[in-house]
Amino acid sequence: MVGLLVGAAACAKDDDGGDTTSASSCDSKIAFFGALTGGNAQLGINIRDGAKLAVDEYNKANANCKVTLVEKDSAGDPAQASGLATSVVQDAKILGTVGPAFSGESKVANPILSKEGVVIITPSATNPALSKQGDKTFHRALGNDASQGPGAALYMKNVMKVQKTYVIDDASEYGKGLADQVKTTLAAGVIGSGVVKEQQTDFGTLVQEINKSGADSIFWGGYLREAAPFLKQFREAGGKAKFVAGDGVKDPKFVEGAGATAAEGAILTCPCVPPEKAGGTFAADYKTATGHEASTYSAEAFDAANILLQGIKAGNTTREKLETFVDGYTGEGVTTKFKFQADGDIDPSAVAVWAYTVKGGQIVALERTPTS
Amino acid sequence: MNFQFVLDNLAALTVTGLTQGSIYALVALGYTLVYGVLRLINFAHSEVFMIGTFTTTIIWAALGFGVGAAAPSTLGVLGLILAAVLAAGAASGATALVVERVAYRPLRKRNAPPLIFLISAIGASVALMEAAGAITNRQPRGMPSLVFPKVQFSIFGADVTNLQLGIIFSALLMWVGLDTFINRSRLGRGVRAVAQNPEVAALMGVNKDRVIMLIFILGGAMAGAASVLYDVKVGLTTYSVGFLIGIKAFTAAVLGGIGNLRGALLGGLLLGVVENYGAGVFGNQWMDVVAFLVLVVVLLFRPNGLLGESLGRARA
């Protein structure tokens, strides 16, 4: 309810400030859809600020034909998503959304938005199932959870030059999907595999097996809650193998839980571009505009908004035309070179998977993983 | 199936199993004490443990051993562990006491049937877990490594570290203390009297309500000590940490004979070792399946658990 009120207020305010004297094609709006309040608001704010920067830059360059950014605060709550999506649909001037930000709310909101043709470009919702829902206007400006698998494996093979990998997954849709792709890419380099259970905290047997196997590296398909105690126990048992995991582990809590000593040197991959490594002057512009450093998903949101804005500038001022434009879009953003597949997922060749490492207790970006 | 692996690493798997089993055993004591006296399964005991894991991280952070802190000296380690055991023991004991006062005592005064107690216990468990989840935003909380394991000696090819030894001996020490208290002290005699026959004990001048308070505090304190060992071993806790440990500890208590302190110890250690072997033979994901199968098989032949149930007669 709060979200609706805030959204409505933002709407009203933006309407008042909008340029009402220009031609009808110059009052287009795009919406931000995500959490600005609640427990996960930080990610939403990062995304809002990235999209806002894109819109502000656009309006400066096109002062005679401005686009309005409408902020729809979902509080990250799937229960509020359908009401909020309906309010987006009902405003005929809103052509597209940057968002919905999270997978849970996307699942609810996407069918509603898609049915009325609102162009969706999410800069952050990475659940692979979202592109399989049949929402024809859905697009994802970054790789999904599953798409980092090949990148992670190629990084292990070509950059880390590992020979014998032990692959572990947690039997979750995310973890197993990731581990399976790593297994496929590494093929003969995999010398053993194991499955851990959700909430498992004692890994005595598994640690023993890995140490006996002579593995020089471990790939972990799963989340930090199990990865942290595992790595701690593995290092404590004298395990030397390099530890590689996906974005489910890329969180300061992982370093905290495993201990900085045990976590040191761990490689974490993520289909997210470190904002400080984004192309152009994005990082500096963002800092100037908002007063703080760009953070997770800011750069993706900037790109998503820019794709919509380029479409609008090219005269695609109906939802239908904008959808056609985005479907056929190819172009370089600050995060990667964009091209969407038929199901809305970004083309596999365009997925920017980055390798991060733990250094002195901090997670720092290393480099983009190889694509072949 | 991989029997060869288990045979080759039997000693190592036994040591890691005993370490985990020690923690199960300490938590199991709380289930057993309450069951022995009240014939009640205190499902909220898993949350009593969870409160202990958080108290430990809070007290460590307050003492300057927060995330990123350097490893303290040996004396510092002992001091931190002692402080944590006292703080977590007190917090867990207090939580257990509050659960008794709020969830059980009002029902006991009204002579509610056992089923009502069970619902109340589950309710208390969920309420505590969700409260902790809300307060911590469901985020895990980590802590720095307190003990850096060094191999102390090898036995049958298994490297035994100071961490493993410390956990096993601490657990044994706590258990010996509790067992002595129940069997040798005046208050302990009261506990056994109420467990054997509440009415006669009351006629003999034993205050039943005080005995019940005592067992909840004792059980809570044991869970608090277990939570410190858990934190040292695992290094990460969440609001839902008690659930699995609680189920395992309850299983351990039943395996050994619920209501029996020695049974809780035996059950805990045995469960830790058996599930480790099971994970070795069938793969890690079958760990819990094996553990519960063993429980069922044992109960088929010894329906009252390995050592039988009875806190009152647990002197033998």
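The values are calculated or read from the model by the stated rules, or taken from the named source; none is laboratory data. The shown structure was predicted, so the numbers you read here are calculated from the model rather than taken from an experiment. Here Cβ is always computed from backbone atoms with ideal geometry, including for glycine, and neighbour counts include all displayed protein chains. Calculation scope for accessible area: heavy atoms of the full protein, side chains included, ligands and nucleic acids excluded. Shrake-Rupley method; radii C 1.70, N 1.55, O 1.52, S 1.80 Å.
A few notes on this one:
- Chain A: antiparallel DSSP beta bridges as a percent of all, rounded to 5: 30
- Legend: residue pairs A:LYS157/A:LYS197; A:LYS250/A:LYS277; A:LYS212/B:LYS150; A:LYS66/A:LYS277; A:LYS240/A:LYS359; A:LYS136/A:LYS321, Cα-Cα distance threshold 23 Å; pairs beyond threshold, A:LYS157/A:LYS197; A:LYS66/A:LYS277.
- Under 5 Å from the amide H of A:VAL353 lie the amide H atoms of A:THR369, each residue being 5 or more positions distant or on a separate chain, with H modelled from the backbone and absent for Pro and chain starts.
- The protein assembly as shown shape via C-alpha gyration tensor axes, a/c threshold 1.5: prolate
- Relative to the longest principal axis of the Cα atoms of chain A, helix A:2-17 runs at roughly 40 degrees.
- Three principal axis extents of segment A:81-232 based on alpha-carbon atoms, in descending order, are 63, 32, 21 Å.
- Interface residues, segment A:164-203 - accessible area loss of 20 Å² or more versus chain alone, probe 1.4 Å: A:VAL195, A:LYS197, A:GLN199, A:GLN200, A:THR201, A:ASP202
- For segment B:150-189, accessible area per residue (1.4 Å probe, heavy atoms of protein chains only), Å²: 63
- Entry comment: accessible area of segment A:172-301 is 34 Å² per residue, from protein heavy atoms only and a probe of 1.4 Å.
- Solvent exposure, largest accessible area first (probe 1.4 Å, DNA, RNA and ligands not counted), of A:TYR223, A:TYR297: A:TYR223, A:TYR297
- Between segment B:148-186 and segment B:276-299, the Cα center-to-center distance that results, in Å: 24
- Working note: Karplus 6.51/-1.76/1.60 with θ = phi - 60° gives segment B:102-111 the couplings 7, 9, 10, 4, x, 5, 5, 4, 9, 6 Hz, where Gly and Pro are set to x.
- Exposure of B:LEU10 as accessible area (Å², to 10), given a probe of 1.4 Å and all protein chains: 70
- For segment B:247-316, the dipole from Cβ point charges (+1 on Lys and Arg, -1 on Asp and Glu) about the Cα centre works out to 300 debye, to the nearest 20.
- Kirkwood hydrodynamic radius (C-alpha pairs) into Stokes-Einstein, segment B:107-185, 37 °C and 0.692 mPa s, D in µm²/s: 186
- Residues whose placed amide H lies under 5 Å from that of A:ILE346, excluding near-sequence neighbours: A:ARG140, A:LEU142, A:GLN341
- 5 angstrom amide H check on B:THR161, placed H, neighbours 5+ away: B:GLN152
- Cα gyration tensor shape of segment B:1-68, rounded if a/c is under 1.5, else prolate or oblate by comparing a/b with b/c: oblate
- Once the Cα atoms are used to define both axes, helix A:204-213 deviates from the longest principal axis of chain A by about 70 degrees.
- Looking at the protein assembly as shown, the DSSP beta bridges with both ends there are about 40 percent antiparallel.
- Total accessible area lost when B and A pair, probe 1.4 Å, Å² to nearest 100: 2600
- Beyond 20 Å, the tail of the calculated P(r) for segment B:40-173 holds 59 percent of the Cα pairs.
- The longest stretch of chain A left intact once loop-based trypsin sites (Lys or Arg not before Pro) with at most 10 other Cβ atoms within 10 Å are removed from consideration, loops following DSSP, is A:1-160.
- In segment B:244-314, the inverse of the mean reciprocal separation of distinct Cα atoms equals 11.9 Å; this is its Kirkwood hydrodynamic radius.
- Carbon and sulfur %, accessible surface of the protein assembly as shown computed with the full protein complex present, 1.4 Å: 61
- Along chain B, longest interval not containing exposed trypsin sites (Lys or Arg not before Pro), exposed being DSSP loop plus at most 14 other Cβ atoms within 10 Å: B:151-312
- HN-Hα J in Hz across segment B:38-52 - Karplus 6.51, -1.76, 1.60, θ = phi - 60°, x for Gly and Pro: 9, 6, 10, 8, 7, 5, 6, 4, 4, 7, 4, 5, 4, 4, x
- Sequence-ordered 3J(HN,Hα) estimates for segment B:139-151 from the Karplus curve with 6.51, -1.76 and 1.60 and θ = phi - 60° stand at 8, x, 10, x, 8, x, 5, 8, 10, 9, x, 10, 5 Hz, glycine and proline given as x.
- Taking the square roots of five times each eigenvalue of the Cα gyration tensor of segment B:110-262, the equivalent ellipsoid has semi-axes of 33, 24, 13 Å, listed largest first.
- Only aspartates and glutamates eight or more places from B:LYS233 in sequence, or on another chain, were considered; those with a Cα closer than 13 Å are A:ASP202, A:GLU236.
- Residue-normalised accessible area of segment B:193-316, expressed per residue, 1.4 Å probe, Å²: 38
- In segment A:44-145, GluC sites (Glu not before Pro) in a DSSP loop with at most 16 other beta-carbon atoms within 10 Å: A:GLU116
- Anisotropy class of chain A from Cα gyration tensor, a/c 1.5 cut: prolate
- Working from the Cα coordinates of chain B, the gyration tensor eigenvalues give, after taking √(5λ), semi-axes of 31, 24, 19 Å in decreasing order.
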